[in-house]
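To start, the structure itself, in structure tokens.
The values are calculated or read from the model by the stated rules, or taken from the named source; none is laboratory data. Bear in mind the structure is a predicted one, so any value in this text is a computation, not a measurement. FYI the Cβ positions are ideal-geometry reconstructions off the backbone, even for glycines, and counts take in every protein chain you see.
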Amino acid sequence: MSTGRRRTRALVGAAVVAVAALTLQGCAVVDGSGDDPDTLRVMMAADTTYPKERKQWQQETAAEFKRTTGADIQWETYSSPQEELTAIQTSVISGQGPDVYAIGTTFTPTAYATGAFVEMGSDQWRAVGGKDQFDAASLGISGPSASKQIGIPFASRPFVMAVNTELLAQAGITELPTTWDALTADADATTRDGHFGMAVAYADGFDPWKFVWGMAENAGNTIVDGSKAEISADAVENAYRTYFDWVTKDGVVDPAAIGWNNAQALAQFADGKAAFFPMTTTTSLNTLKGSAVDGKYQYALLPTVPPRATERPADGIEAASILSGDNLVVADYGTKQDLSFDFVQQVSSPAAQERYFELFGQLPTNTEAAQTIARENPDLAPIVQAGKLSKPTAFTGAWSDIQLSLVDVVVQSIPSLKSGEVTDDQLRKRLAAAQRDAQATLDRQKNGGL
Amino acid sequence: MTQVQTRAPRDAQRPPREVRPHGRTPLYRRERPLWMLLPGGVLMLVVIVVPLLVGVYIAMLDLDQYTLRQWFSAPFVGLANFVEAFTDSPLLHSVWISVSLSVLVTAATVPIGVAAAISTQNRFPGRGLVRSVYLVPYVLPAFVVGTFFRTMLQPQGVVNTVFGTDVLWLNGSASYWALAGVMVWTSWPFVYLLSLAGLQAVDGEVHEAAALDGVTWWAKLRYIVFPYLRGPLSLAVIISILHNINNFTLPFVLFGIPLPSSVEVMPVLTYIASFQSFRFGLSAAMAICSLVIVAIPLFVYLRAVKLDTGDDAGPTRKQRRADLATLAAPAAADIEGARA
Amino acid sequence: MSAHGTPFAGTTRTRPTATLTESITAPGRRPGRRPYDTDVTRLLPRWLLVLVIAVITAFIAAPVLYILFGSVNSDVAVARGEYFPSEFTLANYVAIWDTVALGQGLVNSLLTAGAVAVASATLAVSTAYVLVRFRFLGRLTMLRGLLALQSVPGTLLLLPVFVVFANIASATGVQVIGTRWGLFVTYLTFALPFSTWVMVTYLRGLPKELEEAARIDGASSGRILRSVVLPLSWPGIVVSAIFAFLLGWNDVLFSTIMTTPNTRTVAVVLQVLGTAQEGGAVPIYGQMMAASIVCAVPVVALYLVFQRYLVGGLTAGSVK
């Protein structure tokens, strides 16, 4: 039994050591600094595109913060929108979590609906350095109205189009398209010799609804009007029709793209195999640097005239992009609101915003900083313009569901796309289903849907 | 049974080498160390049972992002969520998909796992390495597996290129089979591990007897070895089905949300209801409904296989000897004749 | 020789000597036995053995090779859908340690998952021992209940567990969320039902004579558990420890909400590597795949070490 006893002893010994180590560590380190009044917990998106720069920025910011307030910063990250939402839910339900969040603009309505974030009244705006330091357009999705806002604009990442200047020159195109129809025509002209006109990702979880939203806005349809959903409408139907026809009728998109996500479409563009790559931000720069199209591409505004039209209708909205970027929100459940406002003030200053642009290429929301950047970087003019022409999505707690319904129409259509056609009948049926679901969600919203 | 002080009388009383059928073995009634149940019991109570009860309570609330903050005082709606889950949501459809998928996948993994266990039972150079390589699909994190299979299953991806097909794997009706295939790929090592442990119990003497009696490898496997695996396989099957029903990450990463309708599995559905639509009450109700729907066949299975009471002990030694004898009777006669 | 012919049966009656299957095949073991070296425990003929191993290995290899190739390829090439690498770079294996706190994640995971494995196996043995060897009111209910707990989906428990822990923290002042031991306790509890069941099935097959003999000698239950049952149940212990370890190693749902940057496990760190920003650059596939390989290595290495306990060390036929 000697081996057995030795083994047993080893097992028990290991167990004791392991549990002891864990317990001691748990006791010794105050890990949950949710209660530490001298540490501010800040939650932002994980950055794998610029990891070194991110670390550098965090160190600089924390050092400056310590110098002015004497407090430390604990940086926490989420790696996907789902994780972002989970983090918000768990913090809200338990009343403990990060003190400041940098959330995506499209999630601000959800955050508002929880009521767990500080509403920025005049005192609060003063504490962060004043509301008017921010670009008016960037405040568009801070809250349901100008008097009820929770989001402080932090960074701007408008959506633009990347164009392959070489392929365009080869096709003899000298002017960039400003209407969706012109874009389709230009894409057609550049589709040849194994090149495609457009790189579009039909199976992406986010891209499709942005196209539809953009085209519908240009035609005057904002998807949600007050508390009514407007999905079963001509403008939306035209949008989907155009979107689907690119791959089925016009043949300007690679048929394989019906299974792609955004990264794969970007890869096609980066290989120089597509002339236009709509629905991207300047962060894609990192991939395009050193790729086959390096030096042969530029960013341009997305079209602002709806399909099947040559100019925008009277009620059309000149929306070149969704209002995209990050908002800072301060948690209401925490006890460190003053410290949080200090942090927000620090990162909203012109110098800090310019530094952020320097490191990550994201546009500032501070007006002064934005003007400086625009002046010093003339080649960024289309991006700056896109930022100015960004319009917010509907501010309603139902938006997350509505977005899902819009994408679902595409997901359900993918088999039809593969077999070559999405009939009007199918499309209308799916739009009707999406309309039903969206309206049901809107009806369910409390507080009048914000 | 009382503690006896001397040894000899006891030995004399007990009949030698009595084969007692299972289930009637006397269990001691005195000195039951029930305190050993305490640590595990307390843990499970605090970390599983209490949250489960909280979950049941949440299922009876109208909990969404508006009421999340003061969740305890959210409006009480009784069974409304359950009714909606049953009648107005894709729950029943998704339960059907989840269950059928798991049963299919488990059925496919059993032969692979058992074959793998049998193939590494005997020593050969490099056996440790092969055994460890077998574990790799199970070790890889689900989201990594999902990501690379998603790329491989693209319309012009590796799978279609190698097999010369042009099937849409990630959407439409083929997606069900794609998901089944990927789940089989990642989960067969589970059955393999349990079978491996079970195989360790095979008597050495039985091997010798079988060899002496000249039994073929297939007959030996079938009549001698496989009965040893009945216990571990019964457990492996039920646990594997449960794991696959509740598998969230793989379908989520493979297909993203929203899911194509043919792979609308239950865990992703409850996740969407909870973290996308923010209807926590409904999501909890859905999860509980599916739990109940799954628990019923589970208990039927338990009784059928007698896994809970342990009466499924498999053949006794005497029975196995008898099996062996009937199998090897002609061969044995020859050997006996040759020896004589 | 009366061994109870039951699954998971161990037939050792006396002290288990260093018993490995080859002791059976030692030549000259039995009088009258021909001294050729055929291993009578062989289950499959050699050709079939090679075939089975080859097929299964190929089945595993194709996707795993994809990960290997992807980890040395460029990110754009992987996004393009390549299988065989068009470029070759080992930079990813270097970059992963800086891009995310992979080293710290590995340490956290090894500690947590390791502790879970050990604790889970230990608790499982003692719990299973009581459930199998003793009769008491509620025994069957407990067995069935364990299996029922196994079927509770993680997504149902996510928010409630968080709520319960947060309430414990505010009631007792002891922080649970964000600590390593909080995660340890959660994983341990999730691993227990299955570990216990594995040991239950295993212990049922162990013959009771040894334990009865020990009890006659006056040993307490604890002693019997330690000295008689434990040494005999190594295969079951190893298997339940492996599963508990993998639970702690790979779980994402609970570790993302219950860890802080310091206590992050490797599963959370890997998620970060899979981040894709909307409309942003291509995700760093190469680093994600390199990290997956790096994360799989410790588990496979541990298994390589412990799988030697998964042998029929009990079937020497040395029972007299």
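Among the residues of region B:123-145, at least one is in contact with a Phe, Trp or Tyr (Cβ under 7 Å, 6 or more places away or on another chain) and aromatic (F, W, Y). Might you let me know whether region B:199-212 holds any residue that is farther than 30 Å from C:P207 by Cα and either within 27 Å of the chain's Cα centre (by Cα) or acidic (D, E) (or both)? So far as region B:199-212 goes, no, none of its residues is farther than 30 Å from C:P207 by Cα and either within 27 Å of the chain's Cα centre (by Cα) or acidic (D, E) (or both). Does region C:98-109 contain at least one residue that is at the interface with another protein chain (Cβ under 10 Å from one of its Cβ atoms), touching a helix residue (DSSP H, G or I) at 6+ places or on another chain (Cβ under 6 Å), of a type in the set (V, I, T) and more than 17 Å from C:F190 (Cβ to Cβ)? Yes, some residue in region C:98-109 is at the interface with another protein chain (Cβ under 10 Å from one of its Cβ atoms), touching a helix residue (DSSP H, G or I) at 6+ places or on another chain (Cβ under 6 Å), of a type in the set (V, I, T) and more than 17 Å from C:F190 (Cβ to Cβ). In region B:66-84 there is no residue that is charged (D, E, K, R), over 22 Å from C:V176 (Cβ atoms), outside any helix (DSSP H, G or I) and out of contact with any strand residue (DSSP E or B) (no Cβ under 7 Å at 6 or more places or on another chain). Restricting A:A265, A:A256 to those that are within 14 Å of chain C (Cβ to nearest Cβ), surrounded by fewer than 24 Cβ atoms within 10 Å (Cβ to Cβ) and within 26 Å of A:L427 (Cα to Cα) reduces the list to A:A256. Residue-level check: of (1) more than 10 Å from every other protein chain (Cβ to nearest Cβ); (2) of a type in the set (A, V, I, L, M); (3) under 21 Å from B:V54 (Cβ atoms), B:A287 misses just (1).
Scanning region C:239-256 for residues that are aliphatic (A, V, I, L, M) and surrounded by fewer than 24 Cβ atoms within 10 Å (Cβ to Cβ) gives C:L246, C:L247, C:V252, C:L253.
Of the helices (runs of 4 or more DSSP H) lying entirely inside region C:186-277, those carrying at least 2 residues that are over 24 Å from the mean Cα position of the chain (by Cα), more than 30 Å from A:Q89 (Cβ to Cβ) and at pLDDT below 85 are C:209-216, C:221-224.
Would you check which residues across region A:138-153 are hydrophobic (A, V, I, L, M, F, W, C) and surrounded by 18 or more Cβ atoms within 10 Å (Cβ to Cβ) and list them? Listed by number, the residues that qualify are A:L139, A:I141, A:I150, A:I152. Here is a check on your reading of the model: is A:L363 farther than 17 Å from A:Q133 by Cβ, in contact (Cβ under 8 Å) with a residue 24 or more places away in the chain and assigned by TED's automatic domain parsing to the domain that holds A:D47? No; evaluated as a whole, the condition is false for this residue. On inspection, C:T263 does not qualify as more than 7 Å from every other protein chain (Cβ to nearest Cβ), polar (S, T, N, Q) and buried (at least 24 other Cβ atoms within 10 Å of the Cβ). Scanning region A:307-327 for residues that are of a type in the set (A, V, I, L, M, F, W, C) and part of a loop (DSSP other than H, G, I, E, B) yields A:A309, A:A314, A:I317, A:A319, A:A320, A:L323.
Restricting region A:113-161 to residues that are among the acidic types (D, E) and in a loop (DSSP other than H, G, I, E, B) leaves a set whose member that is modelled with the highest pLDDT is A:E119. Residues of region A:275-306 that are more than 12 Å from every other protein chain (Cβ to nearest Cβ) and either closer than 20 Å to A:G194 by Cβ or of a type outside the set (G, A, S) (or both): A:A275, A:F276, A:K296, A:Y297, A:Q298, A:L301, A:P303, A:T304, A:V305, A:P306. Taking (1) surrounded by 19 or more Cβ atoms within 10 Å (Cβ to Cβ); (2) within 14 Å of chain A (Cβ to nearest Cβ); (3) closer than 26 Å to A:Q96 by Cα in turn, C:I168 satisfies each apart from (1).
Evaluated against (1) buried (at least 24 other Cβ atoms within 10 Å of the Cβ); (2) more than 19 Å from the chain's Cα centre (by Cα); (3) more than 14 Å from every other protein chain (Cβ to nearest Cβ), A:M215 falls short on exactly one condition, (2). Which of the residues spanning region B:47-73 are among the small types (G, A, S) and either at pLDDT 85 or above or closer than 24 Å to C:L183 by Cα (or both)? Across region B:47-73, the qualifying residues are B:G55, B:A59. Selection within region C:148-165: residues that are within 7 Å of another protein chain (Cβ to nearest Cβ) and either in a strand (DSSP E or B) or in contact (Cβ under 8 Å) with a residue 12 or more places away in the chain (or both). The member of this set that is nearest to B:G281 (Cα to Cα) is C:T155. Within region B:139-162, the residues that satisfy the criterion of being more than 14 Å from chain A (Cβ to nearest Cβ) and surrounded by 20 or more Cβ atoms within 10 Å (Cβ to Cβ) are B:V139, B:L140, B:A142, B:V145. With respect to the conditions (1) of a type in the set (F, W, Y); (2) touching a residue at least 12 places away in the same chain (Cβ under 8 Å); (3) farther than 30 Å from B:M286 by Cα; (4) within 14 Å of chain A (Cβ to nearest Cβ), B:Y176 falls short on a single one, namely (3). In region A:402-420 there is no residue that is on the phi > 0 side of the Ramachandran plot, crowded, with 16+ Cβ neighbours inside 10 Å and not hydrophobic (A, V, I, L, M, F, W, C).
Kindly indicate the residue of region C:53-76 that is touching a residue at least 12 places away in the same chain (Cβ under 8 Å), touching a helix residue (DSSP H, G or I) at 6+ places or on another chain (Cβ under 8 Å) and among the hydrophobic types (A, V, I, L, M, F, W, C) and also surrounded by the most Cβ atoms within 10 Å (Cβ to Cβ) among those meeting that condition. Once the filter is applied, the top-ranked residue is C:V76.
Is it true that some residue in region A:419-437 is away from chain B (no Cβ under 11 Å), part of a helix (DSSP H, G or I) and of a type in the set (S, T, N, Q)? Yes, the conditions are met somewhere in region A:419-437. Scanning region C:86-125 for residues that are of a type in the set (V, I, T) and not in a helix (DSSP H, G or I) yields C:T89, C:V100. B:Q5 fulfils the conditions (1) at pLDDT below 90; (2) in a helix (DSSP H, G or I) except for a single criterion, (2). Taking A:K131 as the residue in question, decide whether it is more than 9 Å from every other protein chain (Cβ to nearest Cβ) and of a type in the set (K, R). For A:K131, the condition - more than 9 Å from every other protein chain (Cβ to nearest Cβ) and of a type in the set (K, R) - is met. Exactly one residue out of A:G251, A:G272 is away from chain C (no Cβ under 14 Å) and surrounded by fewer than 22 Cβ atoms within 10 Å (Cβ to Cβ), and it is A:G251.
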